[in-house]
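See below for the structure under consideration.
The values are calculated or read from the model by the stated rules, or taken from the named source; none is laboratory data. Everything numeric in this text was worked out from a predicted model, so none of it was measured. Cβ: placed from backbone, ideal geometry, glycine included. Neighbour counts: every protein chain shown.
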Amino acid sequence: MKILAIETSCDETAIAILNAEGDISEHRFTILADTLQSQTKLHAEYGGVFPALAKREHAKNLVPLLELALNQAQMNTECVKCDLVHKAVLEEMLSREPEMFTQLVTFLETHEKPAIDAIAVTHGPGLEPALWVGVNFAKALSKIWNIPVIPINHMEGHIVASLLSEETRLPDGQVRLGTVHFPALALLISGGHTELVLIKDWMNYELVGSTRDDAVGEAFDKVARTLGLSYPGGPEISRLAIEARTRNEKSPYSLPRPMINSGDCDFSFSGLKTAVLYQVRDIGSLSEEQKQEFAQEFEDAVVEILLKKTQKAIEDHQVNTLIIGGGVSANTEIRKAFKSLFENEYPNKLLYIPETKLSTDNALMIAIAGFLRSNAGRPTPGVEQLDFRAEGNLKL
Ligand code: KG4
Ligand code: ZN
């Protein structure tokens, strides 16, 4: 089946097309298209993601990205004047996005229906106004092309993205997911989430730990702002910490490891973020070297907390596979720490960390989750009626 996937949960607009053959146990994927339009530079001016701007940009970008994706997949067949039935329905469905409606009508009137079998779309969690743009776009295409929509949880996307790796690329250019030995555990670390999720079987989840305040990515972004770095702060902190580590010295600063000995699998990052703020305020203006030393100590604190809590969950639940997902998993130090933990402590367990380009938001992960959902017989209720909603706080 050919799946068109749409992702608009935050500040990346992305569309992918995946050809998936077989079932979950015997699947093979061909990535036909993988497109992304990042808005991070636009949001950097505001020091974070500005929801109204994200919504407007998604609405502007989706039709051009659809065209680009179909071109990449060589599925873009133009026609002089295609028959656009249901134009009035489309107008009603996209009444909140008039610009996208106009672009889409022009597109549909000049392009034949592509050989797509289903649409997968992120419907949460994320910024609700941003999510709605993708959801309405998916519903409109579903109506016009008469194909089903599979609503996808963005975090499920991050989980499956980690299962794609260089090792799972097949010689003919096709790819498959890495093997998972259940029960598995997902450590989800992104701008909005810090969660430990027990995965008993495909798409069968239980939350076993989560942050009580800030998400770890949020802490990276806020600490970066305190250090005078640009948004998104994670990569900036990572860059400074790498510089500091070349000197092979311990950071002169000392930051707390909140809740590290709380005896459960929950996290707290707000105290860590505030500790940086107070120490920096006491110093006044920081030299480049001091910024690097703060970045190093902050990263060390995060790594220690993530390792300790994840290890507890692995042992409490007798987990056989750890899957790390979300934007923060792009962090070099975190990747190194988990690889070394598994080499030393758990040589018989499986560890999956996403390729760096698949760590952050993309639509390929949504397409794969769409394939798994449609194959596991676990589609989300309400799909046929297209009555599902964008849900900012959607849980796994
Ligand atoms: O998953 P993602 O792309 O979007 C959300 O769903 O939130 O994650 C974005 C987060 C941001 O907080 C960003 O600062 C962080 O991931 N991030 C990093 C790195 N690259 C991105 N954090 C630490 N180190 C990195 N190299
Ligand atoms: Zn994400």
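Taking residues in segment 355-378 that are under 16 Å from Ser165 (Cα atoms) and free of Cβ contacts under 8 Å to residues at least 60 places away in the same chain, and partners anywhere that are within 13 Å of ligand 1 (Cβ to nearest atom) and outside any loop (DSSP other than H, G, I, E, B), the pairs with Cβ atoms closer than 7 Å and at least 6 places apart or on different chains are Thr356/Ala330. Here is the figure for segment 59-76: residues that are over 16 Å from Thr110 (Cβ atoms) and either among the aromatic types (Phe, Trp, Tyr) or over 23 Å from the mean Cα position of the chain (by Cα) (or both) total 1. Restricting segment 188-219 to residues that are within 28 Å of Asn19 (Cα to Cα) and not small (Gly, Ala, Ser) leaves a set whose member that is nearest to ligand 1 (Cβ to nearest atom) is Leu188.
A residue that is among the small types (Gly, Ala, Ser), within 14 Å of ligand 1 (Cβ to nearest atom) and touching a residue at least 40 places away in the same chain (Cβ under 8 Å) occurs nowhere in segment 302-320. Does Leu187 satisfy the criteria of being in a strand (DSSP E or B), of a type in the set (A, V, I, L, M) and away from ligand 2 (no atom under 16 Å from the Cβ)? For Leu187, the condition - in a strand (DSSP E or B), of a type in the set (A, V, I, L, M) and away from ligand 2 (no atom under 16 Å from the Cβ) - is not met.
Of the residues that sit in segment 86-100 and are touching a residue at least 24 places away in the same chain (Cβ under 8 Å) and not acidic (Asp, Glu), which one is farthest from Lys55 (Cα to Cα)? If we take residues in segment 86-100 being touching a residue at least 24 places away in the same chain (Cβ under 8 Å) and not acidic (Asp, Glu), then His86 is farthest from Lys55 (Cα to Cα).
Taking segment 327-340 as the range and being assigned to a helix (DSSP H, G or I) and touching a residue at least 12 places away in the same chain (Cβ under 8 Å) as the test, the residues that pass are Gly327, Val328, Ser329, Ala330, Thr332, Glu333, Ile334, Arg335, Ala337, Phe338, Lys339. Considering only residues in segment 211-221 that are within 18 Å of Cys265 (Cβ to Cβ) and not small (Gly, Ala, Ser), the one that is nearest to ligand 2 (Cβ to nearest atom) turns out to be Val216.
Anything in segment 124-138 that is within 14 Å of ligand 1 (Cβ to nearest atom) and among the hydrophobic types (A, V, I, L, M, F, W, C)? List them, or say none. Leu127, Ala130, Leu131 - these are the residues of segment 124-138 that are within 14 Å of ligand 1 (Cβ to nearest atom) and among the hydrophobic types (A, V, I, L, M, F, W, C). Across segment 222-250, the qualifying residues are those that are surrounded by fewer than 20 Cβ atoms within 10 Å (Cβ to Cβ), over 21 Å from the mean Cα position of the chain (by Cα) and of a type in the set (S, T, N, Q), and the one among them that is farthest from ligand 2 (Cβ to nearest atom) is Asn248.
Of all the residues in segment 1-56, those that are within 16 Å of ligand 2 (Cβ to nearest atom) and part of a helix (DSSP H, G or I) number 4.
Yes/no per residue for (1) within 16 Å of ligand 2 (Cβ to nearest atom); (2) modelled with pLDDT of 95 or more; (3) not basic (Lys, Arg):
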position	(1), (2), (3)
Glu195	yes, yes, yes
Trp202	no, no, yes
Met259	no, yes, yes
Cys265	no, yes, yes
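Figure legend. Inter-residue proximity from segment 33-57: first residues closer than 12 Å to Leu127 by Cβ, second residues at pLDDT below 95 and among the hydroxyl-bearing types (Ser, Thr, Tyr), beta-carbon distance below 7 Å, spacing 6+ or different chains. Indicated pairs: His43/Tyr231; Gly48/Tyr231.
Within segment 243-287, can you find the residues that are of a type in the set (S, T, N, Q) and more than 13 Å from Thr211 (Cα to Cα)? Within segment 243-287, Thr246, Asn248, Ser251, Ser254, Asn261, Thr274, Gln279, Ser285, Ser287 meet the criteria.
Conditions (1) touching a Cys at 6+ places or on another chain (Cβ under 7 Å); (2) within 19 Å of Leu307 (Cα to Cα); (3) among the acidic types (Asp, Glu), marked per residue:
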| site | (1), (2), (3) |
| --- | --- |
| His193 | no, yes, no |
| Asn204 | no, no, no |
| Asp221 | no, no, yes |
| Arg225 | no, no, no |
| Gly233 | no, no, no |
| Glu243 | no, no, yes |
| Thr246 | no, no, no |
| Tyr253 | no, no, no |
